[in-house]
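Just below is one structure, and these are the notes that go with it.
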Amino acid sequence: MARRLNAQRELPLQPNVLSSRDNKWLKEFRMALRGGLPTESGAVGIEGPRLVEGALRSACPIRAVLFSESGQRHHARLAPYLDRAEVSIPILHTTDRLFEGIADTEHPQGVGALVTPRTFSFDDISQPSASGAASLIVVLAGVQDPGNVGTILRTAAAFGATAAVTAASGQSGTASPFSPKALRASAGAALHLPLLAGMALPILLAQFRAAEIRTLASSSRETSPSDHQPLLAPWELVALLIGNEGQGLPEEVERSADARIRIPMSPGVESLNAAAAAAVLFYEAARQRNSAP
């Protein structure tokens, strides 16, 4: 009886369903989602109907979309992007069991995509945004936790950042903004925000100086009387530097910045989480830029 009930719950397989774990498409999805690595084609993996919909709305090339049997219920939500005559994205189908084997989440929703992130140059990220706003760039220097990386990008986009850069700081590299965990934490912002990944920090700072972009270093160190809290005007080109979760920014980077920013905190509190600090700083940056005459 139980066997008959289970059989009734099974959804009929789609034609051309991918039924072997050795299928080349499933191998590519497994590398991108469970492995968290870009594939040979340069694609990264995203999972879940909301992220896939966001990717389809972005300007990023979509290599393929994959539905499991139960995930087919999300097709109606994505149909406006997938069923257009001018769209030629491969639409793939597999079983729930095989999808669970390639997914990065514990309870997968049965839909994923391979997305090729756009590439940007320094000139691209230093230009005003499409709305005409002056550049407000977030620099993640040695932020190692992918959840923090994604949260910072999501917060930066919410408060009007125009671009982002990831860079290594000393021995600490920054986690990939396109890993599955970072993409989930960013709610897809990493696919929409112009992003320059893997810059060397000294070269980046030199380019900021040449482009006359003010650099503001977030700091947990005590400031001296000579330090000043900058006022941000909407027409100024600004880069806000966020450092490693444990060590922050190297002292030489702080000294070379145009200004240091320290968040006032209650006595006995040493510092904030990197993502929380970034949220406070970007809120204040947005407040100042919006209120300046």
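The values are calculated or read from the model by the stated rules, or taken from the named source; none is laboratory data. Quick caveat, the model's predicted, so the values are computed rather than measured. Please note: Cβ atoms are built from the backbone with ideal geometry, for glycine as well, and neighbour counts cover all protein chains shown. Note: areas computed on protein heavy atoms with side chains; ligands, DNA, RNA excluded. Shrake-Rupley method; radii C 1.70, N 1.55, O 1.52, S 1.80 Å.
Of note:
- Accessible surface of the chain, 1.4 Å probe: 52 percent of it comes from carbon and sulfur atoms.
- In terms of its alpha-carbon gyration tensor, the stretch 98-195 comes out prolate; a/c meets the 1.5 threshold, and the first ratio a/b outweighs b/c.
- Gyration tensor verdict on the stretch 160-293 (Cα atoms; rounded if a/c is under 1.5, prolate if a/b is larger than b/c, oblate otherwise): rounded
- Applied to the stretch 239-248, the Karplus parametrisation 6.51 cos²θ - 1.76 cosθ + 1.60 on θ = phi - 60° returns per-residue 3J(HN,Hα) values of 10, 9, 9, 10, x, 4, 4, x, 9, x Hz, with x for Gly and Pro.
- Those residues of the stretch 130-145 whose amide nitrogen sits under 19 Å from the label point placed on I263, 7 Å along Cα→Cβ: 137-145
- Computed FRET value (nearest 0.05) for E284 with S129, which takes r as the C-beta separation and R₀ as 25 Å: 0.80
- The mean accessible area for residues of the stretch 104-252, using a 1.4 Å probe and ignoring ligands and nucleic acids, is 43 Å² per residue.
- A233-R84 FRET efficiency (beta carbon distance; Förster radius 45 Å; 0.05 resolution): 0.55
- Only DSSP H runs of four or more residues enter the estimate; each adds -39500 (n - 2.57), and after division by the residues of the chain the mean residue ellipticity at 222 nm equals -9500 deg cm²/dmol.
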